[in-house]
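Chemist: There's a structure below that I have some questions on.
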Amino acid sequence: MATEYKLRMGDGKRVFMTKEQIIADLKEGMADAADLGSIPDLSEDELDKLVEILTMPSRMVGVEIGKEVPVTHDIGTIRIDGDQGNSGVGIPSSRLVGVMMHERAFGADTMELGHIDYSFKPAKPVIAQEMQTMEVCQQNTIVPLLYGAMPNMGLYYTPDGPFENPGDLMKAFKIDEARESMEHSAKHLTRDIIWIMQRMMASGSDGVNFDTIGAAGDGDMYASLHAIEALRKQFPDIYIEAGMAGELMLGMHGELEYDGTTLAGLWPHEQAALAAKAGANVFGPVVNTNTSKSAAWNLGRAVTFIKAAVKASTIPCHVNMGMGVGGIPMLETPTIDAVSRASKAMVEIAGVDGI
Amino acid sequence: MSNQEMLDKLRDTIVTQNINGCAAATQEALDAGMTAVEIINDGLSPGMKIIGDKFEAAEVYLPQIMMSAKAMNAAMEILVPILAEEKGADDEGVGLAITYVQEGDIHDIGHRLVTTMLEANGFKIVDMGVDVPNDKISEEVAKNKGKKLLLVGSALMTTSMLGQKDTVSMLVEEGLRDSVKIMFGGAPVSDAWIAEIGADATAENAADAARVALNLMQ
């Protein structure tokens, strides 16, 4: 009987696979990425390395000595005191304590301050509190501390915002009106991001983390890139992380462009160039996990996409690794066996600059 | 302009989402003596296939495919009465499609798009809307028993998708299963799910749904 190895499905379920099955899934996942993104396959050596990582007997694995990379955290300030509704562990603590714990106990290389609602728009009415908290956190830490939030353009549509919901307009076949609504929302989103970051920079912030750019489609990315561009002009030394929401930029509008490039349909290696052009310091590529496929399939696919993004990017790539992205199963608290294997593969095969 | 040039023009108006142009080109083709069937099969449908393929290849997106569907609809508004004349009043066309969103689910963009695409491809439509309970679906199928009938259900969520299994079971129990072809769609619906619950087909997207539906009804 062939030796079977313990792996995970994309939904976290434990599965047992032979080496041959693992190789077949790795190749299938890799081929899917190569086909969708028109990018190169992994080499045979890289596939062998992936097999080696996936079949290591240890419960968790780590990168080889000398290959360590910086680790950036999002939402971390509220991960400590938040409940399971926002991936938190429910330990009563302030955001300051959250930052300090990440800096002094967990070894975070950069950290961010984020509001519990974690989008730019709802930070507006509480900006004074955000500024004060940033100032206090900066006075108590030395770790580079960014302000982090999601662009989240959906908050500008009814019923949450002032502009008619493009989803409602589109299903009534009012396509032009839907597009106009997205364009108006994008302008307001850009304006709000700049307004908030002007105040956070005045409070000592080291920069900004755009968390999940494109969550509301190409309009979301359009607004975010313009905000990055404006912030770079106003604050030449600001540190800007441009993290994506998903692997493919969804064409909710379909015709928005940045620097002459249509945003809809861009894959990570194509998104990277625009993030750099806009003025970001770091690009955070994403590859989504398919919950119905094995960890081997997902990791083969994710590493193929991210390797191409790293190669194409002129700025450092800090890959998004967490529940449901980067070859990691879609679990509220992803298992360490899957997280550590996927992370090792991203560093040693895809060549990411950070996580 | 030759017939082929007119057909190419019809195809291109669909691909370029030219709603007014599509209606005008349709009228122009009719005036030149082409039949409604020729216009649909050799001009408009190839255009929808191109746009469907582009959608699958992530070269065009939801707004574009909806505009193309709207262009096709503009043509069909002109062609449907003529088709009835060409085929005779009793002709059922390709069939009657009963479309709906499963009980517990109100996500209807996909449902509306598929309904539009089916109508544009010659189906008569009974649109039951959203959040439709299985007994209402069964009643509608029973009411239309004997016709060329296609049931097209949509569910965006895994929770509402489970109701599709009950739909099929209910139609079996009531002796209606053989009276109707059944298609289900929505993000969580897969070929494996279709096989498991005993439905007939699913499709990747709205353009594909029209192709699958036409094949099912042959």
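Computed from the coordinates by the stated procedures, all read-outs in this text should not be read as laboratory data. Fair warning: this is a prediction, and the values are worked out from it, not measured in the lab. Every residue, glycine among them, receives a Cβ derived from its backbone with ideal geometry; neighbour counts consider all protein chains shown.
Chemist: As a test, work out the antiparallel percent of DSSP beta bridges whose residues both lie in chain A, rounded to the nearest 5.
Modeler: Bridges in chain A are about 35 percent antiparallel.
Chemist: Next question. Given the convex hull over the Cα atoms of chain B, what projected area results after averaging over all orientations, in nm²?
Modeler: Result: 11.6 nm².
Chemist: Beyond 26 Å, what share of the Cα-Cα pairs of region A:1-160 is found? Please give it as a whole percent.
Modeler: Value for region A:1-160 (Cα pairs over 26 Å): 53 percent.
Chemist: Using the Cβ atoms and a cut-off under 14 Å, what net charge is assigned to the surroundings of A:Met134, where Lys and Arg are +1 and Asp and Glu are -1?
Modeler: Numbers: positive: A:Arg95, A:Arg199; negative: A:Glu112, A:Glu130, A:Glu135, A:Asp206.
Around A:Met134, the surrounding residues sum to -2.
Chemist: Ignoring solvent entirely, what values of log10 I(q)/I(0) come out of the Debye formula for region B:96-217 at 0.16, 0.19, 0.20, 0.22 Å⁻¹ when each Cα is a single scatterer?
Modeler: With one equal scatterer per Cα and no solvent, log10 I(q)/I(0) is -0.64, -0.95, -1.07, -1.36.
Chemist: Can you give me the relative contact order of chain A as a percent, contacts being Cα pairs under 8 Å and 6 or more apart?
Modeler: Dividing the mean separation by the residue count of chain A yields 21 percent.
Chemist: Once phi is turned into ³J(HN,Hα) by the Karplus curve 6.51 cos²θ - 1.76 cosθ + 1.60 with θ = phi - 60°, what whole-Hz value does each residue of region A:16-24 show in order, with x for glycine and proline?
Modeler: Those phi angles translate into 10, 10, 7, 4, 5, 5, 4, 4, 4 Hz.
Chemist: In addition: Nearest 10 degrees is fine. How inclined is helix B:134-143 to the longest principal axis of chain B, computing both from alpha carbons?
Modeler: Computed tilt is about 60 degrees.
Chemist: Turning to a different aspect of this structure: Take every DSSP beta bridge with both residues inside region A:242-355 and express the antiparallel ones as a percent of the total, to the nearest 5.
Modeler: 50
Chemist: Now for a different question. Convert each backbone phi in region B:75-86 into a coupling constant with the Karplus relation 6.51 cos²θ - 1.76 cosθ + 1.60 (shift: θ = phi - 60°), then list the ³J(HN,Hα) values in order as whole Hz, x for Gly and Pro.
Modeler: Using θ = phi - 60°, the values come out as 5, 5, 4, 7, 7, 4, x, 6, 4, 4, 5, 5 Hz.
Chemist: By the scheme Lys and Arg +1, Asp and Glu -1, what is the net charge of all other residues having a beta-carbon under 13 Å from that of A:Pro122?
Modeler: Working: positive: A:Lys121, A:Lys124; negative: A:Asp117, A:Glu130, A:Asp160, A:Asp192.
Combined, the nearby Lys, Arg, Asp and Glu give -2.
Chemist: Also: Only Cα pairs under 8 Å and at least 6 apart count here; give the relative contact order of region B:96-217 as a rounded whole percent. The partial results should precede the final answer.
Modeler: Details: 221 pairs, mean separation 35.3, N = 122.
Worked out over region B:96-217, it gives 29 percent.
Chemist: Quick one: which residues, 5 or more positions from B:Gly185 or on another chain, have an amide H under 5 Å from its amide H? H modelled 1.01 Å from N in the peptide plane, none for Pro or chain starts.
Modeler: Those qualifying (amide H under 5 Å, at least 5 residues apart or on another chain) are B:Gly153, B:Ser154, B:Ala155.
Chemist: Once each part is reduced to its C-alpha centroid, what is the distance from region B:95-124 to region A:142-175 in angstrom?
Modeler: Their Cα centres are 27 Å away from one another.
Chemist: Here's something else I'd like to know. Please state the relative contact order of region B:11-78 as a whole percent: Cα pairs under 8 Å, 6+ residues apart?
Modeler: 55
Chemist: With Cβ to Cβ distances under 10 Å as the rule, what net charge do the other residues near A:Gly243 carry (K, R +1; D, E -1)?
Modeler: Summing Lys/Arg as +1 and Asp/Glu as -1 gives -3.
Chemist: Next question, about the same structure. How well do other chains shield peptide B:53-65, expressed as the mean number of their Cβ atoms within 10 Å of each residue Cβ? Walk me through the intermediate numbers first.
Modeler: Details: counts 0, 0, 1, 0, 2, 9, 4, 5, 12, 12, 13, 5, 2.
That average works out to 5.
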